[in-house]
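Working notes for the structure below.
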Amino acid sequence: MTTENKPYPVTLKGELTSPPGRWQWIFKWLLGIPHYFILYFLGIAAFVIMVIAFFAILFTGKYPKSLFDFVLGVMRWYWRVSFYSYSVLGTDKYPPFSLDPDPNYPADLDIKYPEKLNNGLVLVKWILAFPHWVILWLFGYVLPFLVIAAAICQLFLGKYPEGLFKVVLGMQRWMYRVYAYLEMCDEYPPFKFWEDLGIGLAV
């Protein structure tokens, strides 16, 4: 469990482009095709590596650093494309083709590398995360409607309502913390939504 004086090891950054383009979101499905193509194969590779890492953690309590960095890079790439496209619509800046951190891009992801992981815990994390799975299931139904609302606001009002952005970003942060918990950290994801959700701040 996390404590108040110990930051959670997963940091999701999302900075809202202001003002957003009124029309760009209409064409992002087309502009995102090169990323979707590459991420398809990177996702397959990441899955294989996660299976290997599962057994490494089970028998040694260590997530090999090179494998950890690759999986983190794929997650980071996916988050940038998600933030740009139809999971958030938070920026019109085209995502970089890179696994590495990029402080100049408005979306980023970082997970602190764990020097040691609990061998046995890796077997039961998916069960322990059950309350979170229920919440993420609900998010899966609500989030598309919120992003559609954001697109309509951008089209007709030329802006992304701050409150709506906070909700969408909070859902994304919650999801990435749960995904990271399954194999990349032992700290149980907090049931928190609103803290540190200021526009332009890491959350």
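Every read-out reported here was derived from the displayed coordinates using simple, explicitly stated rules and does not represent laboratory data. Predicted model, so just to flag it, every value in this text is computed and none were measured. Because the Cβ atoms are built from the backbone with ideal geometry, glycine has one as well, and the counts that use them run over all protein chains shown.
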Q.
Along the charge dipole of the chain, pointing to its positive end and built from +1/-1 on Cβ of Lys, Arg, Asp and Glu, which listed residue (His35, Ala46, Met175) has its Cα farthest out?
A. His35
Q. When only alpha-carbon atoms count, how far does the range 1-78 stretch along each of its three principal axes, as whole angstroms with the largest first?
A. 52, 37, 17
Q) Which ³J(HN,Hα) values, rounded to whole Hz and listed in residue order, are derived for the range 86-102 from phi using the Karplus coefficients 6.51, -1.76 and 1.60 in 6.51 cos²θ - 1.76 cosθ + 1.60 with θ = phi - 60°, glycine and proline given as x? A) 8, 8, 9, 6, x, 7, 9, 6, 5, x, x, 8, 7, 8, 8, x, 9
Q. How much net charge surrounds Gly32 when only the other residues with a Cβ under 15 Å from the Cβ of Gly32 are counted, with Lys and Arg +1 and Asp and Glu -1?
A. +2
Q.
Along each principal axis of its Cα atoms, how long is the chain end to end? Whole angstroms, biggest number first, please.
A. 55, 35, 29
Q.
Using a 10 angstrom Cβ neighbour count of at most 12 plus a DSSP loop assignment to flag exposed GluC sites (Glu not before Pro), which longest range of the chain is free of such sites?
A. 5-114
**Q.** Gyration tensor (alpha-carbon) shape descriptor, the range 63-171, a/c threshold 1.5
**A.** oblate
Q) Relative to the present Cα-Cα distance, how much length would full extension add between Tyr94 and Ile38 at 0.36 nm per residue of separation? A) 18.7 nm
Q: Go through Lys28/Lys192; Lys28/Lys112; Lys65/Lys112; Lys112/Lys159; Lys62/Lys192; Lys65/Lys125 and tell me which ones have a Cα-Cα distance over 23 Å in this structure.
A: Lys28/Lys192; Lys28/Lys112; Lys112/Lys159; Lys62/Lys192
**Q.** the range 10-32 versus the range 79-118: alpha-carbon centroid distance in Å
**A.** 13 Å
